[in-house]
Amino acid sequence: MNIVSTYTWCQFTPAFVLVGLAALLLLADALLPRICKRSYALIAAIGTLGTALYLHCSAAASNIFGTLACVATGLSLLLAFDYKKVSCESIGGAGTEEGTGEFYALPLVACAGILCLTQAKDLIMLFVSLEVVTLTSYVLAGYFRRNQGSIEAGIKYLVLGAMSTGILVYGTAWYFGMVGSFALDARTVSYAMMGGVAGSAQVAVGFLMAVALLFAGAFFKVGAAPMHVWIPDVYQGAPTPTTTFLAVGSKTAGFALLCILTLPFARMAMPGSFLGDLLVWSFSIVAAATLLIGNLGALRQNNLKRLLGYSSIGQAGFILVFFLNLRGPVTGMVSSYMLAYTLATAAAFFAVAMVRTQRGSEEIAAFRGLGKTNPRTAFLITVCFASLAGVPLTLGFLVKMYAFVTAINVMGAWTGLCWLLPIMVITAGCGFYYYFKVIRAMYWEKPQPGDQPLQVPVCTAVVMTACVLALLYLGTLPMLVHGWV
């Protein structure tokens, strides 16, 4: 078995470029200490966004998840560029940039790992690429060594992430034991489900056990129930640029992993078949649990980063609905939803970082009165949360509608799933409540005497404006998104 022969060097050129850029930044950090470390974030962001443009315009345009990962990483690096004050205070102390260089280089390595993951055709490449992303995320989550919350987030993420890695490794070993190969394709799946060489039912059962373990590891990466418990604490404690990367970049990697694992089953996932019923019922139960836990858990949150953590769980529940119809355009639907989620969530975290830097708090109450003191910024924030809630004329509404349409279509083939649609409706309504808590604070609550108008950094203003324009433009022209799908 020759795994290497299934790949070409050209497939990994964008990943090599990002790793090379990260190495150059680390060398500059060590050899040129007088250079402003903040500029590294801008250079790294230009590198990732340039890679995204290359992937979108070149023959690699089919790598949708890779493009999204580069955009997500670039946005998190631009946020780190504007987060300099808090970063310096939490890493080396106020007034010094010592130790901040690696904080801007590590996301490039993580993004390179995601690009390799999206090209994976076997479990070895899948696992190694995923661990590159995971290990760098551990470091980034606990990077603020002067911040107790960041240290706690890093430890929790490390412990729970190690458990998910163990599950993934165990599933990989079991998969090889049942199939005799690490390949992930429809032929291998069909061969294993027929019992392998011996035609034994025990092989098929063992293969399903291996697949269940692999899915459990993937559910951790996307924040699906019951592997979601790390998200609220890690999102709240980690540095905001890291939280942004985990929310949009790492989640993109998770759903790319889930697509790679599930698509080989598409041919066999037919109504009435054992495998089709097993997959649909399993994903529907996980999706329903994820929707309920994420959206109901967000109702009581007052810390906006923690609320966005539960929001991330809830949004993952809607995305999981697309996997009920494996014979449909799953990759296109998932990537479209991730595009809407990435634009809205990244802009929301830019707002959180700006308020945290100038008002010293990440609570929803810190947004009070922004509708009066900063009306333009408040409008941008309003559109972001409206898109997350699924308000019409935004891209968030369009992709959430796709999820409802998918659920309705699946109910036609599996009539026993009629309970899923009411859960989706109820949890979507919950989303309106907790997302609009931020809007209510901005427009209904009066600013306190000490609340000064926020000074919006240029980078934050440009990114938030671009994200909002994209959400509105794509939301009002659905044929553009339909062309993506």
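The values are calculated or read from the model by the stated rules, or taken from the named source; none is laboratory data. Nothing here was measured: the structure is a model prediction, and the numbers come from that model. FYI the Cβ positions are ideal-geometry reconstructions off the backbone, even for glycines, and counts take in every protein chain you see.
Checking L388 against (1) surrounded by fewer than 19 Cβ atoms within 10 Å (Cβ to Cβ); (2) in contact with a Ser or Thr (Cβ under 7 Å, 6 or more places away or on another chain), which test does it fail?
(1)
When you scan region 316-362, how many residues do you find that are in a helix (DSSP H, G or I) and charged (D, E, K, R)?
2
Residues that are at pLDDT below 90: find the helices (runs of 4 or more DSSP H) completely inside region 386-485 holding 3 or more of those.
The qualifying helices (runs of 4 or more DSSP H) are 395-413, 478-484.
Report yes if P271 is assigned to a helix (DSSP H, G or I) and either touching a Gly at 6+ places or on another chain (Cβ under 8 Å) or at pLDDT below 95 (or both), otherwise no.
no
So, I285, is that one of a type in the set (V, I, T) and in contact (Cβ under 8 Å) with a residue 12 or more places away in the chain or not?
No; evaluated as a whole, the condition is false for this residue.
What are the pairs with Cβ atoms under 7 angstrom where one residue, in region 213-240, is more than 26 Å from L75 (Cβ to Cβ) and the other, located anywhere, is of a type in the set (K, R) and at pLDDT 90 or above? Sequence gap at least six, or different chains.
none
So if I check each of T394, T460, T406, T465, which one is of a type in the set (S, T, N, Q), in contact (Cβ under 8 Å) with a residue 40 or more places away in the chain and under 24 Å from L299 (Cβ atoms)?
Exactly one residue qualifies, and that residue is T394.
Looking only at residues that are in a helix (DSSP H, G or I) and among the charged types (D, E, K, R) in region 363-385, which one is nearest to R300 (Cα to Cα)?
Only one residue fits best here, namely K372.
What number of residues within region 172-194 are over 22 Å from M270 (Cβ atoms) and in contact with a Ser or Thr (Cβ under 7 Å, 6 or more places away or on another chain)?
Adding up the residues that qualify gives 1.
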